[in-house]
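Trainee: Mind having a look at this structure? Questions to follow.
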Amino acid sequence: MIPRHRRDDRGSALVETAVVLSLLMMLSIGAFEWGMAFRDWLSVSAATREGARVAASAGKDAEADCTILEATAGSLLSIDGSDILFIDIYKADTTGAPTGQRQTYKPFDPDTDEPLNLRCDRWYAVNDTAYPPLARDNIGAERDWVGVRLEFTHTWKTGLFWWSSGVTWSDRTIILMEPDPSI
């Protein structure tokens, strides 16, 4: 005699497989999304370090900001689908905190920005006089601490579940300016 409960179990394997596969798919997509976000975060961290190293060696050169911006943005060429919101070049105190003197640049958008403050062909100066390169001190023992701060929007790759929009992150690096070699 065949027990009757065997008839009630038909199709349960299909339901269990669907549930397990759904959970595995969500875990796989989540691991992929967070892995790509972590890769982008590491790229942004490396970009601010590169910008700060260039800022430390550029000194009072009139084109220092262009060099810093291009070095910072150039380090981010591998990031697809993420946008730089702005880059700050600022004076920091000995603890690394911003002192309020800063130059802020946004990527130039020809559709919305006026070309009056255009710098380096791709950057729009938001505040043009707060911390210009000629005001930076790279002479003697009391050299400036210069910082580079980058804010960007990471766009999720799949757009599924709660990853349907982007997330905004920022990173900064502070470094002591190199002494002027001509002195």
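The values are calculated or read from the model by the stated rules, or taken from the named source; none is laboratory data. Note that the structure is predicted; figures quoted are calculated from it, not measured. Here Cβ is always computed from backbone atoms with ideal geometry, including for glycine, and neighbour counts include all displayed protein chains. Note: accessible area is taken over every heavy atom of the protein model, side chains too, but ligands, DNA and RNA are not part of it. Shrake-Rupley method; radii C 1.70, N 1.55, O 1.52, S 1.80 Å.
Trainee: Within the stretch 71-97, track down each residue that is open to solvent by 40 Å² or more (accessible area, probe 1.4 Å), over 17 Å from Val44 (Cα atoms) and touching a strand residue (DSSP E or B) at 6+ places or on another chain (Cβ under 7 Å).
Mentor: Across the stretch 71-97, the qualifying residues are Lys91, Asp93, Thr94.
Trainee: Quick one: in the stretch 75-96, which of the residues that are of a type in the set (Gly, Ala, Ser) and out of contact with any helix residue (DSSP H, G or I) (no Cβ under 8 Å at 6 or more places or on another chain) is farthest from Asp137 (Cα to Cα)? Give the steps one after another, and end with the answer.
Mentor: Of the stretch 75-96, the ones of a type in the set (Gly, Ala, Ser) are 75, 78, 81-82, 92, 96.
Next, only the ones that are out of contact with any helix residue (DSSP H, G or I) (no Cβ under 8 Å at 6 or more places or on another chain) stay: 81, 92, 96.
Numbers: Gly81: 37, Ala92: 12, Gly96: 16 Å.
If we take residues in the stretch 75-96 being of a type in the set (Gly, Ala, Ser) and out of contact with any helix residue (DSSP H, G or I) (no Cβ under 8 Å at 6 or more places or on another chain), then Gly81 is farthest from Asp137 (Cα to Cα).
Trainee: Can Phe32 be described as open to solvent by 90 Å² or more (accessible area, probe 1.4 Å), of a type in the set (Phe, Trp, Tyr) and modelled with pLDDT of 90 or more?
Mentor: Values: open to solvent by 90 Å² or more (accessible area, probe 1.4 Å): yes; of a type in the set (Phe, Trp, Tyr): yes; modelled with pLDDT of 90 or more: yes.
The answer is yes for Phe32.
Trainee: Of the residues in the stretch 35-70, how many are in a helix (DSSP H, G or I), open to solvent by less than 40 Å² (accessible area, probe 1.4 Å), closer than 19 Å to Ile89 by Cβ and in contact (Cβ under 8 Å) with a residue 60 or more places away in the chain?
Mentor: Here the count works out to 12.
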